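Novice: Just passing along the structure, written as structure tokens.
The values are calculated or read from the model by the stated rules, or taken from the named source; none is laboratory data. Just so it is clear, the model here is predicted, and its values are computed rather than measured. Backbone-built Cβ (ideal geometry, glycine too); neighbour counts: all protein chains shown.
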Amino acid sequence: MLNYLTDQSLNIKSDDKDLIDAFLKGDQNAFNLLIRKYQEGIYRVIRKMVLDHDDADDLTQEVFIKIYNSVNEFRSESKFFTYIYRIAVNLSLNFLNKNKRNFSRNVGLSGNEVSFSDMKADEIIDAKNKTELLEKAIESLPPQQRAVFNLRYYENLSYEEISSIMEKSTGGMKANYFHALKNLQKYLNSKKMSELME
């Protein structure tokens, strides 16, 4: 172990470049700090893509294994944030393409659940139904549209950031988001129509 190399001034708020430089010099704690800094966000992005907790957990670990083995290839002219999110999205898209089956979400989208504490029973049921319907609508999107929608809507990233992560044009990402919204609207409208006809 190279613990004697640990820079005591490094912490989870340290600049990514400082953490990477320290890790490349042998400081294992610097990599642990990178994991702590990004793990929650990476898991959240992957979970919204692949839906299942166990799959998302495995893919999150795979992201950090990939980073561990290739961080020396990271070029600091781009942001580390972009680099790690790109790996997470690409692994998620590959997973979805390999596993073309219906996924079912067991729980709501973490970080975006409705707060039920101050609601009446009928309001809670209505809110849960709307949340589940939106989740099913998102599941129906093609993988790339799902990725762009999640990054824009849930992660609140700019089109420029999404463009860097996806390695596609900004205009293409705007178009993907627009098509995702149209598809979500179409899905939700079709569900409302089928309810009216019942």
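Novice: Only one of (1) exposed (fewer than 15 other Cβ atoms within 10 Å of the Cβ); (2) closer than 30 Å to Pro143 by Cα; (3) modelled with pLDDT of 90 or more fails for Arg75. Which number is that?
Specialist: The failed condition is (3).
Novice: Next question, about the same structure. For residues in the range 7-19 being surrounded by 16 or more Cβ atoms within 10 Å (Cβ to Cβ) and at pLDDT below 90, which is farthest from Ile162 (Cα to Cα)?
Specialist: Out of the qualifying residues, it is Leu10.
Matching residues to (1) modelled with pLDDT of 90 or more; (2) over 30 Å from Gln145 (Cα atoms):
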{"site": "Asp21", "(1), (2)": "yes, yes"}
{"site": "Leu24", "(1), (2)": "yes, yes"}
{"site": "Lys37", "(1), (2)": "yes, no"}
{"site": "Met49", "(1), (2)": "yes, no"}
{"site": "Ala88", "(1), (2)": "yes, no"}
{"site": "Asn99", "(1), (2)": "no, no"}
